[in-house]
Amino acid sequence: MAKSKTVYFCNQCGAESSKWAGKCNACGEWNTLREEVVVVKNSPAGWVKTHPSDRSVTQKINEIASNNTQRMIMPDTELNLVLGGGLVPGSLVLLGGEPGIGKSTLLLQVALKLNEQVMYVSGEESAEQVKLRAERIGIDNERCDVLTETRIEAILQILQEQKPAIVVVDSVQTLFSEMLEATPGSVSQIRECTGKLLRFAKENNVSVFLIGHITKDGSIAGPKILEHMVDTVLQFEGDRNYHFRILRTLKNRFGGTHEMGIYEMTGTGLAAVQNPSQIFLAERDEEISGIAIAAAMEGVRPILLETQSLVSTAVYGTPQRSSTGFDLRRLNMLLAVLEKRCGFRLGAQDVFINLAGGIRIEDPALDLAIATAIMSSYQGVVAPSKTVFAGEVGLSGEIRAVQRVEQRITEAEKLGFEEIVISKYNKVQIGSSKIKIHRFGRVDEMFSWLFG
Ligand SMILES: [Zn+2]
């Protein structure tokens, strides 16, 4: 006999509820609960009986082999970086991102470049479409098998037989288990199928990449509900108007987060960007106000980027504050500091902030460049174009020390900048740098030096 019950799942966080409600109790989102009929069909073997081979075993902790050292180096420098130095065998990696951003291309090109047996499970595209994509990438590899299947039980059977070293599933939202009656892409199906793949990965020491779509309207259950199940969560993002893409680590059981990989979309797939600073620094002949260059860090990598600001008198009552790539609350804080501690009347001004190239970076060291860009636009005075800024601004207007200042200085010097402004509290331990280092303790001191 099949047991069936109606439950409601939150599309955002996956929380289960027996009653419908307008607001999810777990995450507080509105209109995210979806009804799902969960029918658990009896499997032929029965649910309670445990097969002898399914018995759990204990291991002595000193006898457990540590596989941390045997990472599999992927044929992709950026991917290795965000994974924390290569792929840990048996790990389940979720790659999330909006549809069309290039997730399939990224993992297919990795599959094609690998020297290992790979199974590319496609639930989205036909085998011919996958082949077409592979032809665009321009690599042929006889070790890459394509399986067009969406039934998880059928997929697992093939995986058990063929035992590839790496599995790519495109996408997790197309999978379904015949044990459940819910539709593919529903919370219960996504959870069930991911659970089965997780088990397969751990038992066979095979790494599985899951592609998961994130849609803004939440029409399909998002990968967020899987984040606690998988070992690593990577997010692929980028603006469709720009040809580069960013790969971020949101969670990693085997390494740090806040690592970032940068790719360029080319005619033949995604190419790793070796010198990221160059794409975030716009080239221009004339000097204009409202621009300052920041020396930011993303993970272990220094990135120089252009911060842009436009300050203009508010036409309508309430002044607008808008920011692309920089935290809006942080912007409001900076504006308050500039008003209160430096005496600039920004209260009646519209302030717009933009990080060049559409990149989003969370690094407090951006503060100093943002504040400079704002003042440059407000006063209509050009900030020196060969100067880079790296400092956090505190509530009393003090410039605070930032991490890894030496790396920022080295990057600025490498890219031909002549001066860098940092906090006077930052200790610099590099000897002979050609770049001139200016140190200030307060923002107003720096402004009088910059703009007189
Ligand atoms: Zn929720």
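The values are calculated or read from the model by the stated rules, or taken from the named source; none is laboratory data. None of these values were measured; they are calculated from a predicted model. Heads up, the Cβs are rebuilt from the backbone with ideal geometry, glycines too, and the neighbour counts pull from every protein chain shown. Note: accessible area is taken over every heavy atom of the protein model, side chains too, but ligands, DNA and RNA are not part of it. Shrake-Rupley method; radii C 1.70, N 1.55, O 1.52, S 1.80 Å.
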Practice item. Among residues belonging to the range 282-296 that are among the hydrophobic types (A, V, I, L, M, F, W, C) and at pLDDT below 90, point out the one that is surrounded by the most Cβ atoms within 10 Å (Cβ to Cβ). Key: Ile288
**Study point:** Counted residues, the range 317-328 - those being more than 21 Å from the chain's Cα centre (by Cα) and outside any loop (DSSP other than H, G, I, E, B)
**Key:** 2
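The rows are residues; the columns are (1) assigned to a loop (DSSP other than H, G, I, E, B); (2) touching a strand residue (DSSP E or B) at 6+ places or on another chain (Cβ under 7 Å); (3) within 30 Å of Leu81 (Cβ to Cβ).
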position: Pro302; (1), (2), (3): no, yes, yes
position: Thr307; (1), (2), (3): no, yes, yes
position: Val311; (1), (2), (3): no, yes, no
position: Val315; (1), (2), (3): yes, no, no
position: Leu335; (1), (2), (3): no, yes, no
position: Phe344; (1), (2), (3): yes, no, no
position: Gly347; (1), (2), (3): yes, no, no
position: Asp350; (1), (2), (3): no, yes, no
**Study point:** Spans of strands (runs of 3 or more DSSP E) in the range 78-159 with at least 3 residues closer than 21 Å to Leu226 by Cβ
**Key:** 92-97, 118-122
Review point. In the range 121-162, how many residues are more than 17 Å from Thr105 (Cα to Cα), open to solvent by less than 80 Å² (accessible area, probe 1.4 Å) and of a type in the set (Asp, Glu)?
Key: 2
Check your understanding: Just a yes or no: is a residue in the range 130-147 touching a helix residue (DSSP H, G or I) at 6+ places or on another chain (Cβ under 8 Å), more than 26 Å from Thr77 (Cβ to Cβ) and free of Cβ contacts under 8 Å to residues at least 40 places away in the same chain?
Key -> yes
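Considering Arg253, Arg199, which residue is outside the structural domain of Glu413 (by TED's automatic domain parsing), out of contact with any Pro (no Cβ under 9 Å at 6 or more places or on another chain), surrounded by fewer than 17 Cβ atoms within 10 Å (Cβ to Cβ) and over 21 Å from Gly97 (Cα atoms)?
Only one candidate qualifies: Arg199.
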Practice item. Would you check if there is a residue in the range 400-419 being more than 18 Å from Ala296 (Cα to Cα) and among the β-branched types (Val, Ile, Thr)? Key: no
Practice item. Just need a number here: residues in the range 258-281 that are of a type in the set (D, E, K, R) and either over 18 Å from Leu107 (Cβ atoms) or open to solvent by 60 Å² or more (accessible area, probe 1.4 Å) (or both). Key: 1
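Can you tell me which residue in the range 375-400 is surrounded by the fewest Cβ atoms within 10 Å (Cβ to Cβ), limited to those that are in a loop (DSSP other than H, G, I, E, B) and within 26 Å of the chain's Cα centre (by Cα)? Explain how you work it out, then say what you get.
If we filter the range 375-400 for residues that are in a loop (DSSP other than H, G, I, E, B), which is where we start, we get 380-386, 390-391, 394-397.
Still in the running and within 26 Å of the chain's Cα centre (by Cα): 390-391.
Values: Ala390: 34, Gly391: 32.
Ranking the candidates gives Gly391 first.
Can you report the number of residues in the range 33-77 which are closer than 30 Å to Arg245 by Cα and either assigned to a loop (DSSP other than H, G, I, E, B) or at pLDDT below 85 (or both)?
8
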